1. If you go through the range 219-233, how many residues are in contact (Cβ under 8 Å) with a residue 60 or more places away in the chain and part of a helix (DSSP H, G or I)?
2. Please name all residue pairs, on different chains or six or more residues apart, with Cβ atoms under 6 Å, provided the first residue is in the range 15-41 and is touching a residue at least 40 places away in the same chain (Cβ under 8 Å) and more than 17 Å from Val67 (Cα to Cα) and the second residue is among the polar types (S, T, N, Q) and within 8 Å of ligand 1 (Cβ to nearest atom).
3. Would you list the strands (runs of 3 or more DSSP E) that sit entirely within the range 1-90 and hold 3 or more residues that are under 15 Å from the mean Cα position of the chain (by Cα) and closer than 20 Å to Leu138 by Cα?
4. Any idea which residue in the range 125-155 is farthest from Leu169 (Cα to Cα), counting only those that are over 16 Å from the mean Cα position of the chain (by Cα) and polar (S, T, N, Q)?
5. Tell me the residue from Leu74, Leu84 that is within 23 Å of His20 (Cα to Cα) and buried (at least 20 other Cβ atoms within 10 Å of the Cβ), please.
6. Check the range 166-173 and report whether any residue there is away from ligand 2 (no atom under 11 Å from the Cβ), assigned to a loop (DSSP other than H, G, I, E, B), modelled with pLDDT of 95 or more and out of contact with any strand residue (DSSP E or B) (no Cβ under 9 Å at 6 or more places or on another chain).
7. Among (1) crowded, with 17+ Cβ neighbours inside 10 Å; (2) within 16 Å of ligand 1 (Cβ to nearest atom), where does Arg168 come up short?
8. Taking the condition of being aliphatic (A, V, I, L, M) and either farther than 27 Å from Leu117 by Cβ or surrounded by fewer than 16 Cβ atoms within 10 Å (Cβ to Cβ) (or both), how many residues in the range 24-70 meet it?
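The values are calculated or read from the model by the stated rules, or taken from the named source; none is laboratory data. Everything quoted here is computed from the prediction, not taken from an experiment. Glycine gets a Cβ as well: all are built from the backbone with ideal geometry, and neighbour counts include every protein chain shown.
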Amino acid sequence: MAKIALITGATAGIGEACAHTFAREGYNLILTGRRMDRLEKIAHHLNDKYNVEVAVSSFDVRNREQVIQNLEGLPAHWKKVDVLVNNAGLSQGLDPIQNGSYDDWDTMIDTNIKGLLYVSRVVSNWMITNGYGHIINLGSIAGKEVYPNGNVYCATKHAVDALNKGMRLDLNDKGIRVSAVHPGAVETEFSEVRFKGDKDRAKKVYEGFEPLVADDVAETIWFVASRPAHININDLVIMPTAQASATNIFRK
Ligand code: NDP
Ligand code: 8X3
């Protein structure tokens, strides 16, 4: 029977790239995100290309009831999830703490921390019932370091780092693997979302060096997921060669 991967935030960027990678490897997929039109398009494409089954579920990870209802509403055979990629996340704004937007803070905290928790609460229970599973959390270099004006986004990714360690401890006797992948700069829709649609400002983030692309991270996530069952990669940081730290990028 084909394995199953549940990927949150599969409508764009790293999540969409993971959907392609896991489909190529023969996984059936549960893809989630808010933009249903994108989910349906990706599902049709992957079904045609790789002949895998794809279920789509559209919800906002910030809404606890929506998360629980949509995930628990899936047919029982979809709950045999082998891999959960906790990818849905975002940054909003890049402001010093004294000028930060309350709404931006709420959005980041509710999405990156609470949304990840809601999904993990539901799916970890399925995994405990099944007796197997692997949770892969998307952290960030922003979860290892703090950079100027990154304050709240960095705090949410530090929280993901802590939650990854906590889940690893709590699920250790359940046969469930828990890993985090922490990328540096990846050119996706991330900066466009951070700068609220300002494409020029977003483009500048990746100028003068070769950033990672979503496929680079998806292949790394696949590497983590495809190790033999006795191996758990706890924590993996992946950066562009030109990036030596959160703030140190060599631009030509
Ligand atoms: P993108 O903006 O390209 O993709 C983000 C995904 O998250 C989208 O599919 C979006 O779907 C989903 N998402 C955002 N908010 C919500 C929500 N409230 N409910 C459900 N889904 C949501 O960014 P990336 O692919 O770059 O980011 C993916 C993850 O990687 C994030 O956790 C990010 O923090 C992390 N990361 C990114 C890095 C980068 O440089 N790009 C570096 C390190 C980590 P939709 O809008 O359809 O809901
Ligand atoms: C995204 C990478 O450095 O913009 O998590 O925070 S960074």
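1. Residues of the range 219-233 that are in contact (Cβ under 8 Å) with a residue 60 or more places away in the chain, as a first pass: 219, 221-222, 224-226, 232.
Restricting the remaining residues to those that are part of a helix (DSSP H, G or I) gives 219, 221-222, 224-225.
Qualifying residue count for the region: 5.
2. Partner pairs satisfying both residue conditions: Gly15/Asn87.
3. Values: elements: 4-7, 28-33, 54-58, 83-86.
In the range 1-90, 4-7, 28-33, 83-86 are the strands (runs of 3 or more DSSP E) which contain 3 or more residues that are under 15 Å from the mean Cα position of the chain (by Cα) and closer than 20 Å to Leu138 by Cα.
4. Within the range 125-155, the match that is farthest from Leu169 (Cα to Cα) is Asn149.
5. Leu84
6. no
7. (2)
8. Qualifying residue count for the region: 4.
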